[in-house]
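Take a look at the structure below.
All of the numbers you see were taken from the coordinates with simple rules; none came from a lab. The structure presented is a predicted model; accordingly, all values stated were derived computationally and were not measured. Neighbour counts run over all protein chains shown; Cβ positions are idealised from the backbone, glycine included.
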Amino acid sequence: MSDKIDVNGNCHCGNIYIQAKVRKSEVRACHCTDCQKMSGAPVRAVAIAPAEEIKITGKPREYIKKADSGNKRIQAFCPDCGTQLFATDMERKLFNLRTGFLEQRNELKPETHVFTSSGLNWMLELIK
Ligand SMILES: [Zn+2]
């Protein structure tokens, strides 16, 4: 049985629109400190789509985040309203869509939680 669903959403100002196919079973919430800082939220949830299953209308701005390990990740957001859209690898093979701007976000419940070692105590209580 496939748990693939079609998702779509636009940024707050409407300049960027994204459609994709994601698997509900692959939705995850990241508690790392980079996600906390960049999202302005205690946790950041993502749904994953391969490059061939994502369509981007509009021109996101990109910031390349360098990890302590030297690993680089593209972080894309709307240059006008700042809505966070996705992260991807430097080869643009796999896209981690931020679920917050997707219309189907209520269906995209994270199945896994990663980097909980840097999770906030009160948030970890909520997901117990
Ligand atoms: Zn925008």
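Values as computed for the structure displayed
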quantity: Yes/no for R92 being out of contact with any Gly (no Cβ under 7 Å at 6 or more places or on another chain) and either in a strand (DSSP E or B) or buried (at least 16 other Cβ atoms within 10 Å of the Cβ) (or both); calculated: no
quantity: Pair list, Cβ under 8 Å, 6 or more apart: the range 37-59 residue in contact (Cβ under 8 Å) with a residue 40 or more places away in the chain, other residue part of a loop (DSSP other than H, G, I, E, B) and small (G, A, S); calculated: P42/G119; V43/G119
quantity: Whichever residue in the range 7-33 is without any contact (Cβ under 8 Å) to a residue 60 or more places away in the chain and not in a loop (DSSP other than H, G, I, E, B) and, among such residues, is nearest to the ligand (Cβ to nearest atom); calculated: Y17
quantity: Residue within the range 71-87 that is in contact (Cβ under 8 Å) with a residue 24 or more places away in the chain and surrounded by fewer than 12 Cβ atoms within 10 Å (Cβ to Cβ) present; calculated: no
quantity: Counted residues, the range 34-51 - those being outside any helix (DSSP H, G or I), in contact with a Lys or Arg (Cβ under 9 Å, 6 or more places away or on another chain) and not small (G, A, S); calculated: 4
